[in-house]
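The structure appears right after this line, and notes come after that.
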C-alpha cells in the first residue's frame, strides 16, 4: 500500500465555491438567546450626577466675599469707593498697595481686583465706559527710509469701574450705626474710650504699647463676672473701633473723621453719668439731713413732755 505524502494532500476540497465576500446569515439571535436577562431593580442606587456648584447672583457673591475676607474689608471698600469713577488699572493697583500697606495679607493688589471682579463688584471697561473686550494686537507695517518694518501696537487702555451691585453694597455699610451700637453696649467703658481718643488725637498718634500702659491703672474688667474676672487690654477696644471705622493704623493709631461723633457720644454719656451721680449724692445728703432734723424734733418733743412737779417739803411737828 502506498502512503500519501504531504505534498500529495489537496487543500482545495470544497474551497472552489467559497466566496469570502458573500453575505451570510447572522447568528445574533443565537447569541441573544444565550445572553443573560438584566432587570433593573427599583432599589438600585441611581447613577451619581456630577456636582454643579450653583451660581449665586452678584449681591450674594459680594456679601460672601466680604464675609470670607472680613480682615481685609477696609481694603475692599477702599477699592470700590475709589472706582466709583472709572480708574486706570495701574492707578487702582497703586491705590490698593497703599490701602494694604499696613495690613497683613498674602494677597497682591491684582488679587483684590480679581476677587471683586469675580464677585460682580468691579468690571473692566474701556475709555468709553463700555465692557472691555480683549483683542489681539496685530503689528502694523511702518516704512523707514524706504524699508518696511513691523511695529507692535499699544493695547487699548483698561479701566476698573464699580458696578451698581458694588455701589449698593458700599451704601449698605453703615459705620456710624455700628459705632453707636458698639458704644451703647460698652457704656461702662466710656472713661476708657475717652482716654484712647485723647491719646490717638495727638499728631503722632498712639502705639498699642502706649495704650496698654495707659490702661494699666484702669479697672478694665469683664462685667458681671465677679468669680472669674478677665482683664480687658487695649487691643480689645482698638479692634472694636477699627471695625467701626473710628480708628485707622499707619504705623500708629489715629482718629478717623467718624471719631468726632464717637467722642460726642462718649462725652454725653460721661456727662449724664456725672449728673446722675451728683443727683444721687444730693438726694442721699438730703435724706441724711432730713433724718437728723426728725431726730432733733423727736428729742425736743420728748423733753417737753416731761413735767416737773414741785411738791411741798413736809414739815415736822414740834
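The values are calculated or read from the model by the stated rules, or taken from the named source; none is laboratory data. All values reported here derive from a predicted model rather than from experimental measurement. With ideal geometry, Cβ positions are generated from the backbone for all residues, glycine too; neighbour counts draw on all protein chains shown.
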**Asked** Taking residue 144, is it modelled with pLDDT under 95, within 21 Å of the chain's Cα centre (by Cα) and not assigned by TED's automatic domain parsing to the domain that holds residue 248?
**Response** no
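Within the range 220-231, identify whether any single residue is assigned to a helix (DSSP H, G or I) and either under 16 Å from residue 180 (Cβ atoms) or modelled with pLDDT under 85 (or both), and answer yes or no.
Residues of the range 220-231 assigned to a helix (DSSP H, G or I): none.
Scanning the range 220-231 turns up no residue that is assigned to a helix (DSSP H, G or I) and either under 16 Å from residue 180 (Cβ atoms) or modelled with pLDDT under 85 (or both).
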**Of the criteria (1) part of a helix (DSSP H, G or I); (2) surrounded by 15 or more Cβ atoms within 10 Å (Cβ to Cβ); (3) out of contact with any strand residue (DSSP E or B) (no Cβ under 9 Å at 6 or more places or on another chain), which one residue 263 fails** = (3)
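Could you run through the range 158-167 and say how many residues are part of a helix (DSSP H, G or I) and in contact with a helix residue (DSSP H, G or I) (Cβ under 7 Å, 6 or more places away or on another chain)? Can you show your working first?
The initial filter retains those residues of the range 158-167 that are part of a helix (DSSP H, G or I), namely 164-167.
Then keep just the ones that are in contact with a helix residue (DSSP H, G or I) (Cβ under 7 Å, 6 or more places away or on another chain); that gives 165-166.
Number of matching residues: 2.
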